[in-house]
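Visitor: What follows is a single structure, and I will ask about it in a moment.
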Amino acid sequence: MYALILHGRRLVQLQKWCNFSLSVQKASPISNFFSSASAACLSPRVGRKGNNFTVSYLVDSLGLTTKLAESISRKVSFEDKNNPDSVLNLLTSHGFTGSQISTIITDYPQLLIADAEKSLGPKLQFLQSRGASSSEITEIVSSVPEILGKKGHKTISVYYDFIKDTLLEKSSKNEKLCHSLPQGNLENKIRNVSVLRELGMPHKLLFSLLISDSQPVCGKEKFEETLKKVVEMGFDPTTSKFVEALQVIYKMNEKTIEEKVDLYKSLGFDVGDVWSSFKKWPISLRVSEKKMLDSIETFLGLGFSRDEFAKMVKHFPPCIGLSTETVKKKTEFLVKKMNWPLKAVVSNPAVFGYSLEKRIVPRGNVIKALMSKGLMRNELPSISCVLMCTKQVFLNRYVANHVDKQLVTELMAIYRAS
C-alpha cells in the first residue's frame, strides 16, 4: 500500500491528469477506451409535533435559518429541549464556540439526541486524557463531528490521530501509521484515505469517506485496482465526481461493466458516448435497464424523437435516469405553459435538473406576467436566458430593471409566491 502512496504522488504531477495513461495487464471495457483517450447510528424519533419543535429549537438556540432547520428536522427530531440542551451545554463547557457548535449540529445533527452524560462526555474526556488541548479538540471535532458517533477508544484514537495529522499536513506520520496498522476494515480505511490524500483530495471529501462505511475505502486489493482505473479515466481527485466514480467502479466487475456498455449500445449509443456520459455523471453506469427503457418511453411519448433523446443524454446524462413524473411535469410547464418549442428543451437538457418549484415555475411566471403586460415586445426570451442564469442575474434582467417601482414590487410578489 505504501508503494501505491508513492505511486499516487507521481500521478499528481502528470499534467493534471489530461494525458495520463496507465498500463494495465488485462484489457477491460474501461481501459480499452480510456487508454486511447488519455456511528454508531443514532436513530431519530420522527413525528409532526417533534419536527415543529425541532425547527423552533434550532432557530432559537443555534440561530439557524428556518430553511436549514427544516432540513435538519428531517434527519433528527425531538419533542423537548432537555437532551439537546445537555448536549449544547456539554460542548460549550469544553470550549466550543457558538459558531463551532452550529457547524457541528448542521453537519451531524444526530448528536442532539445522543446521551451527553454517558456517551459524548466520556469521549471528550478520553481525548483530553490523551493529551489533546481544548483548542485542538474543538478544531478537530468541528471539522469531523461524526468522530463522536464512533464506538470504542481505540477506534476514536485512530480516527482522531488521522484527522489531526491531516489538518496539520503531517504526511510522514500518516505513512508511518499506514505501516504499523494491522489488517482490518478500519486499518484499510486509514491506508486508503491516506492514498487519496496524497493524490490531492481535499479534506471535506477525505473526511466524509473516512467516517462513512463506504465499501471502496474499506477494501484493500480491490481498492487499489479501482483507484488505478478511476485515475486512468482522468477524473480529478479534487472533485466529488472522483469519489462517485470510485464508488461505482468498485461495486462493478468487468462482466457487469461490459453488460452495461452493451445495453447503452443497444439503445443507440456508441462506446465513446457511454464513457463520456460516465465522466459527466458517474452514476450513469448504475441506471437499471428498466429505468432506461422507461425514460426513453416517457420522452418519446412527449414528442421527442430518439435522436433528440440521445442528444439530450449526451449533453445531460441524468436525463436517462429521471422519473416519468419529473419529465412529464417539467416538459408540460416548459412546452405547454411557457410555449417553448421542444427543440429549445432539446438544446438545453440541463433544465431537467432544475427544481420545478424553486426555479422553473417562479421564473416562468414572471416572464408570463411581463408577456401579458406587453413588456417583452411579444417575444418569448430563450429558455437559456430565463433558466440557465443565476437567481441574481435573472432578477436584475427581468424584475429590478424596470423604472416603475410598483411593477417591480408586483413582479417580486409573483416570483416569491411561485
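Only the coordinates and a few stated rules stand behind these numbers; no lab work does. Model, not experiment: these values are computed from the prediction. Ideal geometry is used to build each Cβ from the backbone, glycine not excepted, and the neighbour counts take in all protein chains shown.
Visitor: Subtracting the Cα-Cα distance from 0.36 nm times the residue separation, let me have the gained length for V271 to L407 in nm, one decimal.
Guide: Length gained, V271 through L407: 43.7 nm.
Visitor: Restricting the calculation to Cα positions, tell me the Rg (one decimal) and the Dmax (whole number) of the stretch 354-418 in Å.
Guide: 10.9, 30
Visitor: What's the extension gain from N378 to H315 if we count 0.36 nm per residue and subtract their Cα-Cα distance?
Guide: Here the answer is 19.6 nm.
Visitor: With each label point set 7 Å from Cα along the Cα-Cβ vector, what nm distance links E70 and S212?
Guide: The answer from the label model is 2.7 nm.
Visitor: Are any of the pairs K164/K251; K260/K314; K228/K260; K75/K154 more than 23 Å apart by Cα-Cα distance, and if so, which?
Guide: Result: K164/K251; K75/K154 exceed 23 Å.
Visitor: Based on the Cβ-Cβ distance of R286 and S323, what FRET efficiency does E = 1/(1 + (r/R0)^6) give at R0 = 22 Å, to the nearest 0.05?
Guide: Rounded to the nearest 0.05, the efficiency is 0.90.
Visitor: With a Förster radius of 22 Å, plug the Cβ-Cβ distance of S418 and A350 into 1/(1 + (r/R0)^6) and report the FRET value to the nearest 0.05.
Guide: Step by step, r from the Cβ atoms, then E = 0.60.
Visitor: Could you calculate the contour length gain from L293 to M252, that is, 0.36 nm times the residue separation minus the distance between their Cα atoms, to one decimal place in nm?
Guide: 12.7 nm
Visitor: Spin-label point model (7 Å from Cα, Cβ direction): what's the R397 to H153 distance in nm?
Guide: 6.1
Visitor: Just need the relative contact order of the stretch 354-418 here, percent rounded to a whole number, with Cα pairs under 8 Å and 6+ apart.
Guide: Answer for the stretch 354-418 is 47 percent.
Visitor: If you don't mind, another one. Cα to Cα, under 21 Å, and not fewer than 8 places away if on the same chain: which lysines meet these conditions relative to K405?
Guide: Leaving aside lysines fewer than 8 places away in the same chain, those within reach of K405 are K368, K373, K391.
Visitor: Separate question: Report, ordered by chain and residue number, the aspartates and glutamates lying within cross-link reach of K81, taken as a straight Cα distance under 16 Å and ignoring same-chain residues fewer than 8 apart.
Guide: Straight-line reach from K81, under 16 Å: D60, D115, E117.
Visitor: Quick check: the distance between the Cα centres of the stretch 353-418 and the stretch 261-285, to the nearest angstrom?
Guide: 36
Visitor: Counting only the backbone N, which residues of the stretch 234-273 are under 15 Å from the spot 7 Å out from the Cα of K222 toward its beta-carbon?
Guide: 246-257
Visitor: Still on this model: Please find the FRET efficiency linking E332 to H203, where r is the Cβ-Cβ separation and R0 is fixed at 51 Å, and quote it to the nearest 0.05.
Guide: Once the sixth-power term is evaluated, E becomes 0.70.
Visitor: What nm value, rounded to one decimal, do you get for the distance between L342 and T106 when each label is placed 7 Å out toward the C-beta?
Guide: Going by the 7 Å Cα→Cβ label model, 4.4 nm.
Visitor: Another question, if that's okay. Can you divide the C-alpha Rg of the stretch 82-163 by 2.2 N^0.38 Å and report the result to two decimal places?
Guide: That ratio works out to 0.97.
Visitor: May I pose another question? What's the ranking of 279-286, 263-270 by average number of surrounding C-beta atoms within 10 Å, highest first?
Guide: 279-286, 263-270
Visitor: Compute the normalised compactness of the stretch 252-349: alpha-carbon radius of gyration over 2.2 N^0.38 Å, N being the residue count.
Guide: Normalised Cα radius of gyration, the stretch 252-349: 1.09.
Visitor: While we're looking at this one, here's another question. Towards the positive end of the charge dipole of the stretch 354-418, with charges on Cβ (+1 Lys, Arg; -1 Asp, Glu), say which of G364, M376, V393 has the farthest Cα.
Guide: Comparing the listed Cα positions along the dipole, V393 ranks first.
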